[in-house]
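Contents: one structure, followed by commentary.
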Amino acid sequence: MALVKSVRIQISRCEELDYKRMSSIFRDIRYKTCRASNEAMRLFLLNAFQSIRYKELHDIYPDIKSLTGKSLNTYIYNSMKEIMDICQTGNVAQTQQFVKNRFNTDIKDLLVNEVSYTNFKKDMPLFLHNKSYTICKDEDSGKYKVECSLFNRQYQKENNIKRVTFVLGKMDGNQKATLDKIIAGEYKQGAGHIKQDKKKKWYFTISYSFEPQIRKINTNRILGVDLGMVNTAVLQIWDIDKQKWDWLEWKECMLDGGKVYNFNQRVEGMKRSLQRSRKVSSVTSPYSKGKKGRGVQARIKALNRLNHKISNFKDTINHQYSKYIIDFALKHNCGIIQMEDLSKIKDKAEEKFLAHWTYYDLQSKIGYKAKAHGIKVVKIKPAYTSLRCSKCGHIDKENRKEQAKFKCVKCKYKLHADVNAARNIAIPEIERLIEIEKEEVNAI
Ligand SMILES: [Zn+2]
């Protein structure tokens, strides 16, 4: 299965047009794109509801083509083309595809929940068909450029302009490598879009797809990942052939949760101060009761900003951690990653649920990246993995008297509690093993 990704780079200038003119053309196309998209959405919906009505009356869906002589898609495409009267036709088709995809998700919701459908906003992107643009690299300057076909023939003639070339701005090594691979044909170039950010800068987004590399990875080497509060993740490797654990550098196998901890502390502080300000304002302004005063709106805004910040932070951190874990698995030639199935944890406290939610996101990111490299992910039941001695298999609550230390009451083996848990998690068929060992404990 091909993986689809995208890369987004700022447009620093246009070779044929000055920046101001370029912006004004973008805005013009965007305005038309927005109008055409809303019209297309309206037509898709209208057709859907009319078809449903028709079916109710005639017990059969209408045949649009025999009624109008055109297929629905052609009809909508023509309507869009009329509105997007300066745009290259491939890009109109690409925009239609975008609207159609949105309609297909909207209609499911609409029929079930009666929520409102998408209303495209003026800040939406401009779409480019994958055949409407070419990426190239200027060998002299080292700069990357995108040659685009934005306009239809009529506009090209009238304005004596054919293709336009955008010079791309600063990019990091990863982005350059990606563009090189698209140019070389290693990655398949997909549709593109141009969008303005909040600071009014224009960005070019290029989507691309590729077949994930399936390397020969050793499935007899299992990486156990223990997710925890203090150390975000602890990694241990079990080698089935050698029947022993890999010796790992402490620093390498422990992902410090310090960053997360500090951030959470700061967020808690900010939330508290926001709550305090609510108490103060409700005391000082008794007349605004029941109304949404300025103070309330400012606080809602502040809270939204904070929540946005939190989710951004979690997303970034989880990307970093999941990348680290996958790189670690590849470096150590592990074909399997084992983790606890966190959806099986039942905690009443909401706080814990939210904490787990972050881990759930981290796990899904690990899963996605593992798949791209052909690494298998196995999820195991989390029960007893922290109470079991990874050396002798003895399960006992007494093994874990302290949070950070594990000391087996049977064989006296001592080690870091999270390392012990990660070792258990790395064992093949650990769930079955624990079932047996647990019964032995109960039998005593
Ligand atoms: Zn033991």
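The values are calculated or read from the model by the stated rules, or taken from the named source; none is laboratory data. Nothing here was measured: the structure is a model prediction, and the numbers come from that model. Positions of Cβ are backbone-derived with ideal geometry, glycine not excepted, and every protein chain shown enters the neighbour counts. These area figures cover heavy atoms from the full protein model, side chains too; ligands, DNA and RNA do not enter into them. Shrake-Rupley method; radii C 1.70, N 1.55, O 1.52, S 1.80 Å.
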More than 16 Å from the ligand (Cβ to nearest atom), surrounded by fewer than 18 Cβ atoms within 10 Å (Cβ to Cβ) and touching a residue at least 24 places away in the same chain (Cβ under 8 Å) - does that describe any residue in the range 419-428?
-> yes
Filter the range 363-401 down to the residues that are away from the ligand (no atom under 16 Å from the Cβ) and over 24 Å from TYR324 (Cβ atoms), then identify the one that is least open to solvent (accessible area, probe 1.4 Å).
-> ALA383
Six or more apart or on different chains, Cβ under 6 Å: which pairs go from a residue in the range 254-282 that's in a helix (DSSP H, G or I) to one that's modelled with pLDDT under 75? Could you list them?
-> SER281/GLY295
Does the range 23-39 contain at least one residue that is open to solvent by 80 Å² or more (accessible area, probe 1.4 Å), β-branched (Val, Ile, Thr) and assigned to a helix (DSSP H, G or I)?
-> no
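Mind checking which residues of the range 131-151 are part of a loop (DSSP other than H, G, I, E, B) and modelled with pLDDT of 95 or more? Before you say what the answer is, go through the steps one by one.
Applying the first criterion (part of a loop (DSSP other than H, G, I, E, B)) to the range 131-151 yields 131-132, 138-143, 149-150.
Those that are part of a loop (DSSP other than H, G, I, E, B) and modelled with pLDDT of 95 or more: LYS131, SER132, SER149, LEU150.
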Look at the range 407-418 and say how many of its residues are within 14 Å of the ligand (Cβ to nearest atom) and either aliphatic (A, V, I, L, M) or within 17 Å of LEU227 (Cβ to Cβ) (or both).
-> 3
Residue check, LYS405 farther than 22 Å from ILE240 by Cα, touching a strand residue (DSSP E or B) at 6+ places or on another chain (Cβ under 8 Å) and open to solvent by 80 Å² or more (accessible area, probe 1.4 Å) = yes
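Does THR95 satisfy the condition of being modelled with pLDDT of 95 or more and part of a helix (DSSP H, G or I)?
On the way: modelled with pLDDT of 95 or more: yes; part of a helix (DSSP H, G or I): yes.
So THR95 passes the test.
Take ILE436 and tell me if it is among the aliphatic types (A, V, I, L, M), loosely packed, with under 15 Cβ neighbours inside 10 Å and within 16 Å of the ligand (Cβ to nearest atom). Working first, answer last.
Details: among the aliphatic types (A, V, I, L, M): yes; loosely packed, with under 15 Cβ neighbours inside 10 Å: yes; within 16 Å of the ligand (Cβ to nearest atom): yes.
Answer is yes for this residue.
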Say whether the condition of being among the β-branched types (Val, Ile, Thr), assigned to a loop (DSSP other than H, G, I, E, B), modelled with pLDDT under 95 and not assigned by TED's automatic domain parsing to the domain that holds CYS334 is met by at least one residue in the range 382-396.
-> yes
Just a yes or no: is a residue in the range 199-217 closer than 30 Å to ASN420 by Cβ and out of contact with any Phe, Trp or Tyr (no Cβ under 8 Å at 6 or more places or on another chain)?
-> yes
Condition test on LYS20, is it over 35 Å from the mean Cα position of the chain (by Cα) and charged (D, E, K, R)?
-> no
Checking LEU57 against (1) in a helix (DSSP H, G or I); (2) open to solvent by less than 80 Å² (accessible area, probe 1.4 Å), which test does it fail?
-> (2)
